[in-house]
Amino acid sequence: MTIFFTYVLLGLSLAAPIGPVNAAQLDRGIKNGFFHSWLVGLGATAADGFYMLLVFLGFVHLMDVPFIQVFLWLFGFFVLVYTGIESLLGAREITMIQEDYRKVQTYTKSFFSGFMMSLFNPLTILFWLGIFGSVLAKTVSDYGIEQIIIYTGAIFLGIVVWDLTMAFLSSSLKRVLTDRFLYFVSILSGTSLIGFGIYFAVQAFNVLFL
């Protein structure tokens, strides 16, 4: 049981650091409510599951190919900058009636927003194909396949708990904070997404020319 909760903590540690997905969850929760924020996190979790599957199938060595690295950094740049700009443009909607904005921001769009951000986030890929690959190798040597399935589920449990917490907190902000403060939070979220995107572009440049 102690080992199980250790893996739950690993999942929480993966999801908790402030990054693109958390920024997007905060933005969607303020503008659209709990379910939109949660679906962003759920989409990101689905991408995590995809990379976990790749680890099981042995695709770890693909990350050593420079072309793959550059592609992932650049695609992550475009996804994050697009999402950040969308957040900045929608910041004004916080101080207006939300019905029209909610019609545009569908549940499907929220889910795929989180999915694409996590799928093409090289830092996420580095964790699952690198760190989790190492954890998996040790787990395989120490335990059986049943334990691996249980501990993998524990990681996802930690991620889901954090996603639900973020969705609850971000959707609650709308009810307890002023419109002006929420406006600046949305601006900060959008700016941070663009900042992460620029960081990804710099990493792509380093792979290509350094």
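The values are calculated or read from the model by the stated rules, or taken from the named source; none is laboratory data. Values in this document were obtained by computation on a predicted structure and should not be read as measured data. So basically every Cβ, Gly included, is an ideal-geometry build from the backbone, and we count neighbours across all protein chains shown. Quick note on the areas: whole protein, heavy atoms, side chains included, nothing else; ligands and nucleic acids left out. Shrake-Rupley method; radii C 1.70, N 1.55, O 1.52, S 1.80 Å.
Computed quantities for the displayed model
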| quantity | calculated |
| --- | --- |
| Exposure ranking of ILE194, ILE148 by accessible area [1.4 Å probe, largest first] | ILE194, ILE148 |
| FRET efficiency for THR108 and ILE85, using Cβ-Cβ distance with R0 set to 25 Å, rounded to 0.05 | 0.80 |
| Using a Förster distance of 30 Å, the FRET efficiency for LEU208-ILE187 (Cβ separation, nearest 0.05) | 0.40 |
| Which of ILE30, ILE187, ILE85 is most accessible, then next, and so on - probe 1.4 Å | ILE85, ILE187, ILE30 |
